[in-house]
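Before any comments, here is the structure.
The values are calculated or read from the model by the stated rules, or taken from the named source; none is laboratory data. Keep in mind that what you see is a predicted model, and the values were worked out from it rather than measured. A quick note on method: Cβ atoms are made from the backbone with ideal geometry, for glycine too, and the neighbour counts reach across all protein chains shown. Please note that ligands, DNA and RNA were not included when accessible areas were found on the heavy atoms of the full protein model with its side chains. Shrake-Rupley method; radii C 1.70, N 1.55, O 1.52, S 1.80 Å.
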Amino acid sequence: MLSSTFTFVTLSVVTSCIYAASISNNDTIIHLECRDDEGAPDMDSKTCIFHEIVATTSDAVFDYIPSEDKNWVKFKNSILYQIPPNLFKNYLNTQTLDVTACQIEYLSSESLVGAENLLYLHMKGNNLTKLGHGLFANAPHLEDLKMQFNHISDIEEQAFSGLAQLRFLYLGKNQLTTLHDGTFRELVNLETLDLSYNSLLEISDELFTTNKVLDSLDLRGNKIGVISPNAFKNLERLSNLDLASNNIKKIPAQAFDMLVNLRSLVLFENNLTELDLTWQDNSGCGHQTNGSKMILPRLTKISLAENKWNCSYLETLMETLENYDVRQLPYKLIHPEDPKINVKGVSCEKVETEEEDETSTDATTTTKTPTITKDDISETRSCLFTKLGY
């Protein structure tokens, strides 16, 4: 029970309920009582919502009403300096913690002490700037980590160590410029990785070496100018790759060699002039006749608009994609009445000189597949489904 000498301060709330803070000897005691979404006291459900909590310093003291019945904890319309200390010790079975848009500035491994049951951590829209070594060591069963819309510019190499069960990682809308080669090394079960709208400059050969079950990789809206030849070599299960709105002038010929499961490829708004979509057949399923190689066998959607295509090259590339029933995603396709030069709605530049025409012709030879029929393509896809099982 609190001493009668404490002074009580009523915080602003959206309901008639009162949330009290007690001040004594420069320490702030903040009482946390589980409530429902409307702010009414609620100790019976599995959900616990704390409304209008304000704790802007690291020395705030929290007074809990412990419960083992809560598995979903959320701070709503709150301002926090950090995740309240000992939160998980008082709510032992918490599986989801939602501290979205709470202005959190500081996060350490101590913040997650007792979080052995935590599966989902949602920290979008805070003020984090750094993820340090071993940060999530106390939450080894974490599966879903949302950290978009922060100010993260530094991720230490071992920040995600111990997260072998993590499946979804969202780091979009931060301020990353570089990533250590070992950043994602321990995330062996990662399925979705969002790195969109950062300021990354390069994708190295070693960045994704252990992420063999990765299904979706979003790199949209960075400043990527360099993709190493083997950057995607271990991503055989990747089905969605978004490289839109970067500074890519050339993708190495072998970069897509191993992406046999790729279905959607977004290259919108780069500086590409050529593209090699052929693949390395290690399955025995592909066809190769008279030097013609199949393009990625499962590709069904692609976005090529807003690049630096030569019109003759683009025409040949589009014919090849049509042969494979690859649909053009409608990102800034040219309207039929627009006078801008285009091939099937994708803008291009006409090369007038003979020398440039010859260069363009050479560049397109890898995309021509005159001896590969639709039956060959169908047979290969069926074979891959049977052999690879995904």
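For the chain, what is the calculated [θ] at 222 nm in deg cm²/dmol (nearest 500), taking -39500 (n - 2.57) for each run of four or more DSSP H residues and dividing by its residue count?
Mean residue ellipticity at 222 nm (helix-derived): -3500 deg cm²/dmol.
Taking 0.36 nm per intervening residue step and subtracting the Cα-Cα distance, what contour gain separates K212 from D338 on full extension?
Between K212 and D338, full extension yields 41.0 nm more.
Once Rh is set to the Kirkwood radius over Cα pairs, what Stokes-Einstein translational diffusion coefficient, in µm²/s, holds for the stretch 155-224 at a temperature of 20 °C and a viscosity of 1.002 mPa s?
In µm²/s, the coefficient rounds to 178.
Set the Förster radius R0 to 35 Å, insert the Cβ-Cβ distance between V113 and T192 as r into 1/(1 + (r/R0)^6), and round the FRET efficiency to 0.05.
In this case the efficiency is close to 0.80.
How big is the Kirkwood radius of the stretch 203-277, worked out from every pair of different alpha carbons and given in Å to one decimal?
Computed over Cα pairs of the stretch 203-277, the Kirkwood hydrodynamic radius comes out at 12.3 Å.
Once label points are set 7 Å from the Cα along Cα→Cβ at both V226 and A40, what is their separation, rounded to one decimal in nm?
If labels sit at V226 and A40, their model points lie 6.1 nm apart.
Return the sequence-ordered ³J(HN,Hα) values of the stretch 159-168 in whole Hz as given by the Karplus equation 6.51 cos²θ - 1.76 cosθ + 1.60 applied to θ = phi - 60°, using x for Gly and Pro.
4, 9, 5, x, 9, 5, 9, 5, 10, 10
Counting heavy atoms of the protein chains only and a 1.4 Å probe, report the per residue accessible area for the chain as a whole number of Å².
Normalised by residue count, the accessible surface of the chain is 46 Å².
Using θ = phi - 60° and the Karplus curve 6.51 cos²θ - 1.76 cosθ + 1.60, what whole-Hz ³J(HN,Hα) does each residue of the stretch 193-199 get, with Gly and Pro shown as x?
Working through the residues one at a time gives 10, 10, 10, 5, 6, 10, 10 Hz.
Starting from the stretch 202-238, pick out the trypsin sites (Lys or Arg not before Pro) whose DSSP state is loop and whose Cβ has at most 10 other Cβ atoms within 10 Å.
Passing sites in the stretch 202-238 do not exist.
What full-extension length gain, to one decimal in nm, is calculated for N271 and E202 as 0.36 nm per residue of separation minus the Cα-Cα distance?
The span from N271 to E202 would gain 23.3 nm if fully extended.
For labels at S378 and N127 in the simple 7 Å Cα→Cβ model, what's the distance in nm?
6.1 nm
Share of the chain's accessible area from carbon and sulfur, percent, 1.4 Å?
47 percent
How big is the antiparallel share of DSSP beta bridges in the chain, given as a percent to the nearest 5?
25 percent
Count neighbours as other Cβ atoms within 10 Å of each site's Cβ, and list the GluC sites (Glu not before Pro) in the stretch 37-98 that are DSSP loop with at most 10 such neighbours.
Of the GluC sites (Glu not before Pro), the ones in loops of the stretch 37-98 whose Cβ has at most 10 other Cβ atoms within 10 Å are E68.
When averaged across all projection directions, what area in nm² does the alpha-carbon convex hull of the stretch 101-223 cover?
6.4 nm²
If you plug each phi of the stretch 78-88 into the Karplus form 6.51 cos²θ - 1.76 cosθ + 1.60 with θ = phi - 60°, what whole-Hz ³J(HN,Hα) values come out, in order, with x for Gly and Pro?
Rounded to whole hertz, the list is 10, 10, 10, 7, 8, 4, x, x, 6, 4, 6.
At a Förster radius of 51 Å, what calculated FRET efficiency corresponds to the Cβ-Cβ distance of V61 and V351, to the nearest 0.05?
E between V61 and V351, to the nearest 0.05, is 0.10.
Largest first and in whole Å, what are the equivalent-ellipsoid semi-axes of the chain based on the Cα gyration tensor, each being the root of 5 times an eigenvalue?
Equivalent ellipsoid of the chain: 52, 22, 18 Å, largest first.
Let me spell out the model: positive unit charges on the Cβ of Lys and Arg, negative unit charges on the Cβ of Asp and Glu, origin at the Cα centre of the chain. What dipole size does that give, in debye rounded to 20?
420 debye
Work out the charge dipole of the stretch 134-274 with +1 on the Cβ of Lys and Arg and -1 on the Cβ of Asp and Glu about the Cα centre, then indicate which of V188, F136, F268 is farthest towards its positive end.
Final value for the positive-end residue is F268.
Relative to the longest principal Cα axis of the chain, at what angle does helix 354-364 sit, 0 to 90 degrees, rounded to 10?
Roughly 60 degrees, rounded to the nearest 10.
Within the stretch 63-78, whose backbone N sits under 13 Å from a point 7 Å along Cα→Cβ of D144?
Flagged as within label range: 72-73.
For helix 311-323, report the angle its Cα long axis makes with the longest principal axis of the Cα atoms of the chain; keep it between 0 and 90° and round to the nearest 10°.
Its long axis makes an angle of about 80 degrees.
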